[in-house]
Amino acid sequence: MLTLPRLGFGCSPLGGVFGPVDEAESIRAVHRALELGITYFDTAPFYGLGRSETVLGQALAGVPRERYLVGSKVGRWGEAAFDFAAPRVVAGLEASLERLGLDRLDLVVVHDVEFGDLDRIARETLPALAKARDAGLVRWIGASGLPLVALRKLADHAPLDFVLSYAHYTLADTTLLADLPSYAARAIQVINASPLGMGLLTPEGPPGWHPAPAGLVQACGRAVAVAKKRGADPAEVALGFALAAPGVASTLVGMHTVAQVERNVAMLRKPRDLATEAAMRQAIGKWQGKSWPSGTWL
Ligand code: NAD
C-alpha cells in the first residue's frame, strides 16, 4: 500500500515557477528536508520545463533510494501543451527518469486531467502507465487537476491509487472535504497540494500569473494582513490548518529554501493558531470556497 508522509516537498518552485531560484540553495533545501524526515518529493516536466526534475535529481544523487519517494507527472508538457496519448506519455516518463537520474518513479501523476478527454485518459493513458508499472518503471498511479469534479469523474471509471488535488483545502477553500469519504471508501489516497493557495496566503502574496480572480486575491491579502497584525506568520497559520485536514494522506507545500523547509517542518509539531485561523477566514468572507476556471471541458 502507498504510504505517504504527512508533509511532502512540492518541487514546482525548484523550476522557477514562483520566481527566480538559486539552484545551490534548492539543493540544500532538499538535503535539509531529507535530514528533517521529509521523504516525499513531487515534481513534473512542466515545472521549469525539466528544470525542477533536473535540480531534484542533482539533489537526490547519492541519497539511498529507500530514503525517499519521488512523484512526477505526464500529460502536461508546457503551459498550454497537453498530450495524454500513450506513446507521448511513455516517452515523457522515460525523459523524466533520465532528468531525475532514477530508474523508477514511486508516484506517477496524470497532470491536470481537466485538459484531457477523460475517456481517453481512462482507455489509453492509464493502461499505458499500468504497463510501465508492470515493467517496474513506476509504482503508484494517480491523477491531478483543479476541478474536483474532474478527479471524481476519472476515479469513477478508472482505477487510481491516489488523486492529487490542489488549492481545495486551505484557509480560503475547503471544498475537498466533501469528496474525501468517497475516496476513502475506495482506498484512493488523497494528496492535498498548495496549502498556501499557491502563494495567496503568504506574506509575499501570489505570483503575477496566479489565476485567482482579483476579489479572491484581495480577500486573501486582507487575511494575510490580519494575521500579521496579530503577530502571526500567515503562511504558518495556513499550513497548520491544512496539515490538520482529516483524511488527507499528505500535504504538499512548495519550497525552495532551507529556511522555508525548517519553518514548514516545524509546523508538524506546533499547535494550530485557531484564533488567527478564524480571523483569517473571516477576512476571506464571501470569497471562501471560490476558485477559478481550469480546463477545456468545464
Ligand atoms: P503552495 O500553496 O505550496 O505555495 C508555494 C509558495 O509558498 C511558494 O512561493 C513558496 O516559496 C511559498 N512558501 C512556502 N513555504 C513558505 C513559508 N513558510 N513562508 C512563506 N512562503 C512560503 O503552492 P504550490 O507550490 O503550487 O503547491 C505545492 C506543490 O504541489 C507544488 O510545488 C507541486 O509540487 C504540487 N502541485 C501540483 C499541481 C498539479 O498537479 N496540477 C498543482 C499545484 C501544486
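Collect the residues in region 84-125 that are more than 16 Å from the ligand (Cβ to nearest atom), touching a strand residue (DSSP E or B) at 6+ places or on another chain (Cβ under 9 Å) and over 18 Å from Leu60 (Cα atoms), keeping them in residue-number order. Steps first, please.
Looking only at region 84-125, we keep the residues that are more than 16 Å from the ligand (Cβ to nearest atom), and these are 85-88, 90-91, 94-95, 97-98, 101-104, 117, 119-120, 122-124.
Next cut, touching a strand residue (DSSP E or B) at 6+ places or on another chain (Cβ under 9 Å) only: 88, 90, 97, 102, 104.
Within region 84-125, Arg88, Val90 meet the criteria.
Given the condition within 13 Å of the ligand (Cβ to nearest atom) and under 21 Å from Thr175 (Cα atoms), answer yes or no: does some residue in region 268-281 qualify? Looking through region 268-281, none of the residues is within 13 Å of the ligand (Cβ to nearest atom) and under 21 Å from Thr175 (Cα atoms). When Ile284 is tested against (1) more than 26 Å from Ala29 (Cβ to Cβ); (2) open to solvent by 20 Å² or more (accessible area, probe 1.4 Å), exactly one condition is not met: (2). Whether a residue is closer than 30 Å to Thr276 by Cβ, surrounded by 16 or more Cβ atoms within 10 Å (Cβ to Cβ) and aliphatic (A, V, I, L, M) was assessed, and Ala143 does not pass this test.
Counting the residues of region 1-35 that are more than 11 Å from the ligand (Cβ to nearest atom), in a loop (DSSP other than H, G, I, E, B) and aliphatic (A, V, I, L, M) gives 3. For region 79-92, the criterion of a residue being open to solvent by 40 Å² or more (accessible area, probe 1.4 Å), part of a loop (DSSP other than H, G, I, E, B) and over 25 Å from Leu148 (Cα atoms) is satisfied by no position.
Considering region 51-78 alone, what residues qualify as being closer than 17 Å to Ser12 by Cα, open to solvent by 20 Å² or more (accessible area, probe 1.4 Å) and not hydroxyl-bearing (Ser, Thr, Tyr)? Within region 51-78, Arg51, Gln58, Leu69, Arg76, Trp77 qualify. Comparison of Ala219, Ala227, Ala238, Ala242 shows that the only residue that is of a type in the set (A, V, I, L, M), in contact with a helix residue (DSSP H, G or I) (Cβ under 6 Å, 6 or more places away or on another chain), within 17 Å of Thr174 (Cβ to Cβ) and open to solvent by less than 10 Å² (accessible area, probe 1.4 Å) is Ala219.
Screening the candidates Val63, Val70, Val109 for the property of being in a loop (DSSP other than H, G, I, E, B) and under 25 Å from Ala29 (Cα atoms) yields one hit, Val63. When Ser250, Ser182 are screened for being touching a strand residue (DSSP E or B) at 6+ places or on another chain (Cβ under 9 Å) and either hydroxyl-bearing (Ser, Thr, Tyr) or surrounded by fewer than 17 Cβ atoms within 10 Å (Cβ to Cβ) (or both), only Ser250 passes. Gly50 - would you say it is at positive phi, away from the ligand (no atom under 11 Å from the Cβ), at pLDDT 95 or above and over 15 Å from the mean Cα position of the chain (by Cα)? For Gly50, the condition - at positive phi, away from the ligand (no atom under 11 Å from the Cβ), at pLDDT 95 or above and over 15 Å from the mean Cα position of the chain (by Cα) - is met. Selection of region 155-175 for residues being within 13 Å of the ligand (Cβ to nearest atom) and of a type outside the set (S, T, N, Q) yields Phe162, Val163, Leu164, Tyr166, Ala167, His168, Tyr169, Leu171, Ala172, Asp173. When Glu114, Glu79 are screened for being in contact (Cβ under 8 Å) with a residue 60 or more places away in the chain, closer than 20 Å to Pro211 by Cβ and charged (D, E, K, R), only Glu114 passes.
The values are calculated or read from the model by the stated rules, or taken from the named source; none is laboratory data. What you are looking at is a predicted structure, and each value in this text was computed from that prediction instead of being measured. When we count neighbours, we look across all protein chains shown, and the Cβ atoms used for this are built from the backbone with ideal geometry, even at glycine. Surface areas here come from the heavy atoms of the whole protein model, side chains and all, with no ligands, DNA or RNA. Shrake-Rupley method; radii C 1.70, N 1.55, O 1.52, S 1.80 Å.
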